[in-house]
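Inspection log for the structure reproduced underneath, given as structure tokens.
The values are calculated or read from the model by the stated rules, or taken from the named source; none is laboratory data. Predicted, not measured: the structure shown is a model, and the values here were computed from it. Ideal geometry is used to build each Cβ from the backbone, glycine not excepted, and the neighbour counts take in all protein chains shown.
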Amino acid sequence: MASGCRRIDMPCLLSAGSGLLVLLAVASESLYPYIPAAVSIVTLSVALHQVKSSSHRWTILVLGTASWALSIAYSLTGGGRYGVLMISSSIGLGYIATAVAALTGGWGAGLAAFGAMYAPLIVAFSYTAEADVILSAGYVLLGSVLAAALAESPYALLGSLSIFIFLPLGVQPMVALSLLAYITVLAGSGALEWRGCPFKLDSGLVFMGALVGSLGAVFLGGEPVIYRPALGLYSLGLLLILAGVLTPSSTSHSRPS
Amino acid sequence: MARVLDKVIMLLAMTKPVQLALLMVTMFGAYFAAGGSLNVELLALLFITGLGSAGGVTALNMYLERDIDRVMSRTRSRPLPSGGLTPFEALTGIVFLIVIGTVAASLINTWVLLTTLVGLYFDIIAYTELFKRHTAWALLAGSVAGSMPALGGWAAATGSIDMLGILMAGMVYVWQPLHVSFIHYAYSKDFMDAGVPTIYACLGDRAYGLISLASLLSLLSLVWAFAALAGYGLTTGVVSTIVGLRAIRAVLRFLSSPSREGARRIVKLASPTLGIIFVLLPLERVILGLVGV
């Protein structure tokens, strides 16, 4: 195996496991509401695992929990007149927690926290079934962010991208595409295991991509007049995430043809 | 405050201002050659698109290649390898630039947005990440990105992408291998040290001459094809052919006895050809519009 590539590790297996659970759940509509919560819990566990080195672990935990509480309250009450305030506070607290994690625990911690903090938004919108597009966009971004968070291993993609399976929850016609993505990731990971991996992850770039993409995803659910800029940001976010995942390894690993 | 200003200046230096200015010339050249109006709002959006997208993507390229830049003497003094900017500072500024470029492009029309995203894909993912460190022919992918500003300029004026727009973008596409392979030729040792394959290193001296010849002949063919299809561009065709033929003569000399001086002479003579095309074509179009043809 080429240097810079690692075998599948425990967080990755956890993520892969959640992906497979989703696959099962997709077959059973009654399990739909539990899927986002289950994956969000896995993500939060990974985030806390990643920030174990941070001296501000408890700050992150408190902010994250507050963010979760607000989003769950929104889910249960439907928001009401304070809906916007609840969701924006939830997101705001989540981003602060992410920033604290990134500043004190490094990019890996920040990314993991970001993935976890994005989850409340997804949970909230899942229960109220308000915005299909935000939901599906959220899952794609969550998967990509998680990929970067999980030990910066290219093989983490195997598990993390399985979250693409969530797409059908938001947009039914994307079932086939999601399955195709899943199969491609499986085949690709097998090929990487066999041939070695010429890439490394650039956590910073993935983080920026996720940030831009999530901004676009949120605006996609807004006024039609901003649809094209939102779509542009969303596409740009995905491209930046892809660029972050495919960052070339140091030249010492490459050989001119 | 002065420190922040220094950082901003370094960030702007990462956009390679000279190259960016050339890309802007192709973008606005294509815009006016397509009959674009003097709509100030649209022109401002197009400028922001070029600065943000083309400049931002160039800077992102530099960010991703900071390990190579550290090795090569030509690039060692750039903001990232020299420590003027931290990777985080650079990346934050770069993403900001690309975001404003993308938003501006999306406010013009969908085709302009598409050209910016395609440009990013080909420059960053295809050229820099997938091909550059593995094959000398990566420049064929990178050149697609370089031709996108011209296509975007055309799309901004016409609201679509048609054959004439593709021909204009094609002119930029075929010109770039000449320019890039000269840099590879002139700094081949640097590239070799950094482990980046170049056509010169793989195929020898004559490869640069043959690429230059192919670039120039293709460029002139595209100019004449454009003139034939568009119904204007005759003057541009004649002038660029005269200038191009001088460069071709330099190429033929280089092929008979390759030297670094000969290579420099080719690029010196060939470089104005593209500029002439992207200045004269819009001028011809404007003059034709004024006389009502």
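Confirm whether B:L97 is within 30 Å of B:R70 (Cα to Cα), of a type outside the set (F, W, Y) and more than 10 Å from chain A (Cβ to nearest Cβ). For B:L97, the condition - within 30 Å of B:R70 (Cα to Cα), of a type outside the set (F, W, Y) and more than 10 Å from chain A (Cβ to nearest Cβ) - is met.
Just checking, how many residues over the stretch B:179-188 are away from chain A (no Cβ under 14 Å) and either within 16 Å of the chain's Cα centre (by Cα) or without any contact (Cβ under 8 Å) to a residue 24 or more places away in the chain (or both)?
So the count comes out to 5.
Out of A:V225, A:V212, I need the residue that is more than 8 Å from chain B (Cβ to nearest Cβ) and modelled with pLDDT under 80. Which one? Checking each option against the conditions leaves just A:V225.
Taking the listed residues B:V57, B:V40, B:V18, the one that is surrounded by fewer than 16 Cβ atoms within 10 Å (Cβ to Cβ) and under 15 Å from the mean Cα position of the chain (by Cα) is B:V18, with no other qualifying. Between B:S106, B:S77, B:S82, the distinction of being hydroxyl-bearing (S, T, Y), without any contact (Cβ under 8 Å) to a residue 12 or more places away in the chain and in contact with a Pro (Cβ under 7 Å, 6 or more places away or on another chain) belongs to B:S106 only.
Scanning the stretch B:238-293 for residues that are closer than 18 Å to B:L222 by Cβ and polar (S, T, N, Q), we see that the one that is modelled with the lowest pLDDT is B:S271. When B:L85, B:L130 are checked against the criterion of being at the interface with another protein chain (Cβ under 10 Å from one of its Cβ atoms) and either at pLDDT 90 or above or surrounded by fewer than 24 Cβ atoms within 10 Å (Cβ to Cβ) (or both), B:L130 stands alone in meeting it.
Please go through the stretch B:60-82 and pick out each residue that is within 12 Å of chain A (Cβ to nearest Cβ) and hydrophobic (A, V, I, L, M, F, W, C).
Step one: filter the stretch B:60-82 for residues within 12 Å of chain A (Cβ to nearest Cβ), giving B:60-61, B:63-72.
B:L60, B:L64, B:I68, B:V71, B:M72 - these are the residues of the stretch B:60-82 that are within 12 Å of chain A (Cβ to nearest Cβ) and hydrophobic (A, V, I, L, M, F, W, C).
No other residue among B:V57, B:V112 is touching a residue at least 40 places away in the same chain (Cβ under 8 Å), within 14 Å of another protein chain (Cβ to nearest Cβ) and under 24 Å from B:L280 (Cα atoms) apart from B:V112. A residue that is closer than 16 Å to B:I211 by Cβ and touching a residue at least 40 places away in the same chain (Cβ under 8 Å) cannot be found anywhere in the stretch B:228-247. So for the stretch B:153-161 (the condition being in a loop (DSSP other than H, G, I, E, B), modelled with pLDDT of 85 or more, surrounded by fewer than 22 Cβ atoms within 10 Å (Cβ to Cβ) and within 14 Å of chain A (Cβ to nearest Cβ)), does at least one residue qualify? Within the stretch B:153-161, one or more residues are in a loop (DSSP other than H, G, I, E, B), modelled with pLDDT of 85 or more, surrounded by fewer than 22 Cβ atoms within 10 Å (Cβ to Cβ) and within 14 Å of chain A (Cβ to nearest Cβ).
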